[in-house]
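**Student:** Before we start, here is the structure in question, set down as structure tokens.
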Amino acid sequence: MADSLEIPKRIGRLNELAYNFWWSWHAEARKLFEAVDRPLWRQTHHNPVAILRQVSIERFKELAEDPTFLRQYEGVLKQFDHEHGPRETWLKSHYPDLCEKTIAYFSAEFGLHNSLPIYSGGLGLLAGDHCKEAGELGLPLVGIGFLYPQGYFHQKIETDGSQSANYRPLDISRVAIEPAVFPSESERLVAVQIESRTVYIAVWQVQVGRARLYLMDTDVEQNAPWDRELSARLYGGDRELRIRQEIVLGIGGVRVLRALGIHPGVWHCNEGHTAFQMLERIREKVADGASFDEAAEAIRKTTIFTTHTPVPAGHDAFPSNLIEKYFSDYWPLLGIDQARFWSLGGHQESWGEAFNMTVLALGLSKRRNAVSRLHGEVSRKMWHHLWPDLKADAVPITSITNGIHVPTWIAPEIKILYRKHIAPDWSERQDDPVLWQLVKDIPDKDLWEIRRKLKLKLLGFIRERARRSWIKDRADPIQLIAAGTLLDPDTLTLGYARRFAAYKRSTLVFHDMERLKRILLNQRRPVQIIFAGKAHPADDHGKHLLQSIYNLAKDSGLAGHIAFVENYDMHVAHFLVQGVDVWLNTPRAPLEASGTSGMKAALNGVPQLGILDGWWPEGYNGSNGWVFGKTATELQENSEENDGADAEDLYRVLETQIAPLYYLRDTDGVPRGWIELVKETIRSIAPTFSMRRVVKEYTEKLYAPAINGKETQDI
Ligand SMILES: *Cc1c(COP(=O)(O)O)cnc(C)c1O
């Protein structure tokens, strides 16, 4: 906790608010911390714990006597106490028997807020959003993951377009985490064996509304220097560091829960990285006298596995020497021999020598899901060989399409519109499609003005960042241009932000430069594109793609119509998904499992132009955005030969549909046709792709049947 001594009693609960990420998705609570100290709010990138550490005693005294602040404070606390008290939740009214059954959610990353940089992208954001929503619906969920004390890297782009990756040590006193409270005071560390050494794990807790996260950290004195480093960074090492991390995540994670006295009724594993936890739970049962087969059958019943990867090569797998090295002492504890152990990882010729974590997880979970309908089909085909007796469409992997945590991703300005024109309590009923019919009642002019305001906010954010790098890093002037200082608020603006992985085809739009130039620089209907995203530090191809885009952003021939925003993270993502006019998504189908940034955009009235991949075949209805290119079902395989045709199609849609619609204005300056499409985007996408719908679906299809011991899984 912060030095609560310094905070006057009258406003003493600021501390409690700062240590629960609940504040981050409640506008009133955010405003409260902003009111504590506005410059600090900006300087700390919205970090209440850091603010409370820096505010002077005089300022606290002032606030404690400021009637406006006190009114705000009381209002926020009232809501906080209401939501955290014994209220009626969705779970209580729909599944009263599940209220006491803890769900343990294992994930290598969690994206909650920028001040806790333990996520890299979509997988982590999904886990973070899932925890937030589960708590709100009343699910007793605990997350298990890592505190990476050096986090994920900060991206800086040099003048030549090369990416440098900086890891900044986390100042724990400025993050909303606290040491976990164990039932027995003497027990503060949890142990796992790695090779013949004991590695100790410290545990931190994070409060996320009503849900709680436990984060493991091996940076403790008792450990050897290399083990202290083990959990320092997210995706920062080689395969060997990775297997050691996954041993801590899986095996350590189970032991942490046991030491905390938590007895989960369901174990949800997010992606294959977490799958060693299944082995550990089998080991416990074998130690109690069960046979391996009995133990495995028992743990399968309560295990849920979510897969996110539609390409075989993308699955986490370890070579045989690493498995020998780290598990030859472990498989005897499971009561099985080497060959049997190997078979759990699907070790077979066609997969090479690797021990595959997804195969392990699929085999040891009874309920399994992919993250969009299309990804479900792809996954059932991809894993058909594991169920050779079944037809491909009967392979027991269902799908639950991803969604987003609405309060986290909505712009405050848009929220006000929804409250006024849809319903004051729209957020309580956010997954009800009928409610969203009322979007039509928002006055066109109001919606258009807010959309413009959000674009100005984005451009202001970009300019402010450029100013800071101009002052602080003495940036080269050309870098200020590449960063987007020449962007024009009246120009149709496309946003593209994602990891620079090859399959995302970030450079597709540059396929025919002359054609693109004509579109961007069109006198009457100009277009500009804002890019953002990180390349994995070990991915040279990704870094190369990034560099080529950055160099185009510097190119005077494109007149500042291409911009690159550095260090894509949740903070940048908020401005981008809320501020652009069109969200662009160009993956090579069917390689995008779901994608979620287009959903964030849609919630804020930003339609998507995308390939029919991931969630988009379910989201697109013909009048809420645009599609281009070949679809996954038309494609036999994902060959690069389609790139040219896809790019051509993209240009065609942009030129003949999007730009004309955007620039067609009524006499009052409002583009009526455009706003109609924006409304249809919101109406059709907001309820269906909300995390509320997602967590309810997990509960109905997976959690409840697992807890009630239902034998089979529906597909
Ligand atoms: C939402 C989000 C992602 C995931 O976006 P995709 O559409 O799945 O690529 C990645 N990074 C950040 C910072 C995000 O906010």
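No value in this document is a laboratory result; all are computed from the given coordinates. Being a predicted model, the structure only gives us computed values, none of them experimental. Cβ sites come from the backbone with ideal geometry, for glycine too, and all protein chains shown count toward neighbours.
**Student:** Is there a pair in 132/415; 381/701; 31/156 whose C-alpha atoms are over 28 Å apart, and which pairs would that be? Write out the running numbers ahead of the final one.
**Tutor:** Numbers: 132/415 18 Å; 381/701 21 Å; 31/156 30 Å.
Violating the 28 Å Cα-Cα cut-off are 31/156.
**Student:** To the nearest 500 deg cm²/dmol, what mean residue ellipticity at 222 nm is calculated for the chain from DSSP H runs of n ≥ 4 alone, each contributing -39,500 (n - 2.57), summed and divided by the residues?
**Tutor:** On the way: 31 runs with 285 residues, N = 715.
For the chain, the value works out to -11500 deg cm²/dmol.
**Student:** Now for a separate question. In square nanometres and to one decimal, what's the mean projected area of the convex hull around the Cα atoms of segment 9-84?
**Tutor:** Details: hull surface 18.2 nm².
Mean shadow area of the hull around the Cα atoms is 4.5 nm².
**Student:** Moving on. Efficiency by 1/(1 + (r/R0)^6): what FRET value for residue 35 and residue 551, r their Cβ-Cβ distance, R0 = 56 Å, to the nearest 0.05? Numbers along the way, then the final one.
**Tutor:** On the way: r = 43 Å, r/R0 = 0.77.
Using R0 = 56 Å, I get an efficiency of 0.85.
**Student:** Just the C-alpha atoms of the chain: what Rg/Rh do they give, with Rh taken as the Kirkwood radius?
**Tutor:** Working: Rg = 25.4 Å, Rh = 26.6 Å.
Result: Rg/Rh = 0.95.
**Student:** Pull out the extension gain between residue 391 and residue 45, defined as 0.36 nm times the separation in residues minus the alpha carbon to alpha carbon distance; nm, one decimal.
**Tutor:** Contour length minus Cα-Cα distance gives 119.4 nm.
**Student:** Right, something else. If exposed means no more than 14 neighbouring beta carbons inside 10 Å and the site is in a DSSP loop, what's the longest run of the chain without any exposed GluC sites (Glu not before Pro)? Write out the running numbers ahead of the final one.
**Tutor:** Working: sites that count: 65, 88, 100, 158, 185, 187, 195, 221, 353, 634, 637, 640, 641, 711.
Result, exposed sites excluded: 354-633.
**Student:** Taking +1 at the Cβ of each Lys and Arg and -1 at the Cβ of each Asp and Glu, which of 85, 546, 396 sits farthest along the dipole of the chain towards its positive end, judged by Cα position relative to the Cα centre?
**Tutor:** Sorting the options by dipole projection puts first 85.
**Student:** Could you compute the FRET efficiency for residue 13 and residue 472, with r as their C-beta to C-beta distance and R0 at 41 Å, rounded to 0.05? Walk me through the intermediate numbers first.
**Tutor:** Details: r = 35 Å, r/R0 = 0.87.
Once rounded, the FRET efficiency stands at 0.70.
**Student:** Along the Cα-to-Cβ line of residue 517, 7 Å from the Cα, sits a label point; which residues in segment 562-582 have backbone N less than 19 Å from it?
**Tutor:** Residues passing the 19 Å test: 562-563.
**Student:** What FRET efficiency would be calculated for the residue pair residue 185, residue 28, taking the C-beta separation as r and a Förster radius of 30 Å, to the nearest 0.05?
**Tutor:** Details: r = 37 Å, r/R0 = 1.24.
Result of the calculation: an efficiency of 0.20.
**Student:** In addition: Where the only charges are on Cβ atoms (+1 Lys, Arg; -1 Asp, Glu), what is the dipole of the chain about its Cα centre, to the nearest 20 debye? Display every interim value, and only then the final one.
**Tutor:** Values: 86 positive and 93 negative charges, 322 e Å.
Computed about the Cα centre, the dipole is about 1540 debye.
**Student:** Expressed in nm to one decimal, what extension gain is obtained for the pair residue 90 and residue 172 from 0.36 nm per residue of sequence separation less their Cα-Cα distance?
**Tutor:** Numbers: separation 82, 0.36 × 82 = 29.52 nm, distance 3.48 nm.
Separation in residues times 0.36 nm, less the Cα-Cα distance, equals 26.0 nm.
**Student:** Here is a follow-up. Pairs 101/696; 285/710; 504/543: which are spaced more than 19 Å apart, C-alpha to C-alpha?
**Tutor:** Values: 101/696 16 Å; 285/710 21 Å; 504/543 13 Å.
With Cα atoms farther than 19 Å apart: 285/710.
**Student:** Express in % the proportion of alpha carbon pairs of segment 391-472 at distances exceeding 14 Å. Mind showing how you got there, number by number?
**Tutor:** On the way: 2484 of 3321 pairs.
Roughly 75 percent, once rounded to a whole number.
**Student:** Take every Cα pair under 8 Å in the chain that's 6+ residues apart, average their separations, divide by the length, and report that relative contact order as a whole percent. Provide the component values of the computation, followed by the final result.
**Tutor:** On the way: 1310 pairs, mean separation 89.7, N = 715.
About 13 percent, as a whole number.
**Student:** Write down the Kirkwood hydrodynamic radius of segment 70-109, to one decimal in angstroms, obtained as one divided by the mean of 1/r over all alpha carbon pairs.
**Tutor:** Kirkwood radius, segment 70-109: 12.8 Å.
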